[in-house]
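The values are calculated or read from the model by the stated rules, or taken from the named source; none is laboratory data. Computed from a predicted structure; not experimentally measured. FYI the Cβ positions are ideal-geometry reconstructions off the backbone, even for glycines, and counts take in every protein chain you see. Just so you know, the surface numbers come from the protein's heavy atoms only, side chains and all, with ligands and any DNA or RNA stripped out. Shrake-Rupley method; radii C 1.70, N 1.55, O 1.52, S 1.80 Å.
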Amino acid sequence: ATNSSVTIQAGDDTALLFLGGTGTSGSLVNSQGTATFDNSTVVINSDSTGAGSAVLNVGRNGNGGTSTLNVNNGSTITLTNNAASTGSESLTVGRNNTIGFMNVDASTVTSGDFVSVGRDGGTGTLSITNGGSVDNDNLTGLARIGRSGGTGTLNVTGALSQFSSNRLEIGRDGGSTGTVNVNTGGTINTTDSVQIGRDSTSSGTLNIDASGVLNAHTAIVATNTGSTGTANVSGAGAQLNLTGVFPTTGTDQDGAVILVGRNGTGTLNVNTGGVVTVAPGTPVGTGTSGGMVIGGSSSSPTGTGDGTVIVDGVGSSIVFSNVN
């Protein structure tokens, strides 16, 4: 679709766009699909007042097929529920043993509730380049890179390229592997937390390279027992910034914190000019003050993990501000 407008509209049902159909046998066993939107507008909308959702899948039940979605040259894709639906908006790249690629180049994608890259044994890659953006930052926004035995990769590259979410989980469930790369002026904004290696037998890797930035409130490297997580902040201009309090309203608000090896095995490497900043806001109520915990602690948080932090090279630093 070039210079076009595409609408997928469901009245009282779920609105769907699948690349690589839903077959598990017969002629669809290796199904795959390719779509390219160039300077075009795409809306996937459910007007359901029940459980109708808006869904975009790049690779779904294709049993090994490869599907690709290209969003280029100022295109926009919007997943939305206009009515009072109890459903959700979800974007998935690579699900159920398929291989999926989604490339967002100088374009915008809005998926309010869920983003999954590499799910249920699938392999997915989501790449954002040349000022493109993927927005998943509403109050329920949850992005999972490597979920339920899948392998997922998120790449955010180039000036003004951006990925936004409320929560980001890199390697979520058992047997999952997630990798996130942000560099060359790319930015990831996470309102709440980023978890790198969340569950037992999961593995997560975060690479913030030269001129890449990740902003969040909390970073947890290896969350639960049996998880493995590695965060690398490397190169001039590479930044991991943990700031403020969360939630931003309510009677109890925690200060920003980084936990390295909470219950699993976690490593934080800061080198060749990379910078980690921990700047909690003033806690409210029973909220904690924020700071850094390396390995499990008997106080806050309770954990049994192993943590390693290495700071190496000229200009490499971890900076604490307003930390108790």
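Sort through VAL109, VAL71, VAL115, VAL58 and tell me the only one that's closer than 18 Å to ALA15 by Cβ, within 18 Å of the chain's Cα centre (by Cα) and either part of a loop (DSSP other than H, G, I, E, B) or touching a residue at least 60 places away in the same chain (Cβ under 8 Å) (or both). Walk me through it before giving the result.
On the way: VAL109 fails: either part of a loop (DSSP other than H, G, I, E, B) or touching a residue at least 60 places away in the same chain (Cβ under 8 Å) (or both); VAL71 fails: within 18 Å of the chain's Cα centre (by Cα); VAL115 fails: either part of a loop (DSSP other than H, G, I, E, B) or touching a residue at least 60 places away in the same chain (Cβ under 8 Å) (or both).
So the residue among VAL109, VAL71, VAL115, VAL58 that is closer than 18 Å to ALA15 by Cβ, within 18 Å of the chain's Cα centre (by Cα) and either part of a loop (DSSP other than H, G, I, E, B) or touching a residue at least 60 places away in the same chain (Cβ under 8 Å) (or both) is VAL58.
Do the conditions hold for GLY64, that is, is it closer than 19 Å to LEU19 by Cα and either at pLDDT 95 or above or more than 21 Å from the chain's Cα centre (by Cα) (or both)? Walk me through it before giving the result.
Numbers: closer than 19 Å to LEU19 by Cα: yes; either at pLDDT 95 or above or more than 21 Å from the chain's Cα centre (by Cα) (or both): yes.
Considered against the rule, which asks whether it is closer than 19 Å to LEU19 by Cα and either at pLDDT 95 or above or more than 21 Å from the chain's Cα centre (by Cα) (or both), GLY64 comes out as yes.
May I ask you to say which residue of GLY26, GLY59 is modelled with pLDDT under 95 and either among the β-branched types (Val, Ile, Thr) or buried (at least 18 other Cβ atoms within 10 Å of the Cβ) (or both)? First the steps, then the outcome.
On the way: GLY26 fails: either among the β-branched types (Val, Ile, Thr) or buried (at least 18 other Cβ atoms within 10 Å of the Cβ) (or both).
After applying the criteria, what remains is GLY59.
Testing ILE188 on (1) part of a loop (DSSP other than H, G, I, E, B); (2) touching a Phe, Trp or Tyr at 6+ places or on another chain (Cβ under 7 Å), one condition comes back false. Which one is that?
Of (1) part of a loop (DSSP other than H, G, I, E, B); (2) touching a Phe, Trp or Tyr at 6+ places or on another chain (Cβ under 7 Å), only one is false for ILE188: (1).
Which of (1) more than 19 Å from ILE128 (Cα to Cα); (2) assigned to a strand (DSSP E or B) does THR201 not meet, given it meets every other one?
(2)
Any residue at all in segment 120-139 that's out of contact with any Cys (no Cβ under 7 Å at 6 or more places or on another chain), open to solvent by 40 Å² or more (accessible area, probe 1.4 Å), closer than 16 Å to THR36 by Cα and among the charged types (D, E, K, R)?
No: segment 120-139 contains no residue that is out of contact with any Cys (no Cβ under 7 Å at 6 or more places or on another chain), open to solvent by 40 Å² or more (accessible area, probe 1.4 Å), closer than 16 Å to THR36 by Cα and among the charged types (D, E, K, R).
Given (1) surrounded by 20 or more Cβ atoms within 10 Å (Cβ to Cβ); (2) in a strand (DSSP E or B); (3) touching an Asp or Glu at 6+ places or on another chain (Cβ under 7 Å); (4) not small (Gly, Ala, Ser), where does ARG172 come up short, assuming only one miss?
So the condition that ARG172 fails would be (2).
Taking the stated definitions as given, is ILE258 open to solvent by less than 30 Å² (accessible area, probe 1.4 Å) and closer than 26 Å to SER111 by Cβ?
Values: open to solvent by less than 30 Å² (accessible area, probe 1.4 Å): yes; closer than 26 Å to SER111 by Cβ: no.
For ILE258, the condition - open to solvent by less than 30 Å² (accessible area, probe 1.4 Å) and closer than 26 Å to SER111 by Cβ - is not met.
Here is a yes/no grid of residues against (1) part of a strand (DSSP E or B); (2) of a type in the set (S, T, N, Q); (3) out of contact with any Ser or Thr (no Cβ under 9 Å at 6 or more places or on another chain):
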| site | (1), (2), (3) |
| --- | --- |
| LEU91 | yes, no, no |
| MET102 | yes, no, no |
| GLY121 | no, no, no |
| THR125 | yes, yes, no |
| GLY131 | no, no, no |
| GLY152 | yes, no, no |
| ASN155 | yes, yes, no |
| PHE163 | yes, no, no |
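Pick out the one residue from THR230, THR225, THR201, THR205 that is open to solvent by 10 Å² or more (accessible area, probe 1.4 Å) and in contact (Cβ under 8 Å) with a residue 40 or more places away in the chain.
THR225
Mind listing just one residue for me: the one in segment 32-46 that is part of a strand (DSSP E or B) and of a type in the set (Ser, Thr, Tyr) and, of those, surrounded by the fewest Cβ atoms within 10 Å (Cβ to Cβ)? Reasoning before the result, please.
So in segment 32-46, the residues part of a strand (DSSP E or B) come out as 34-38, 41-46.
Next cut, of a type in the set (Ser, Thr, Tyr) only: 34, 36, 41, 46.
Details: THR34: 13, THR36: 15, THR41: 16, SER46: 29.
Result: THR34.
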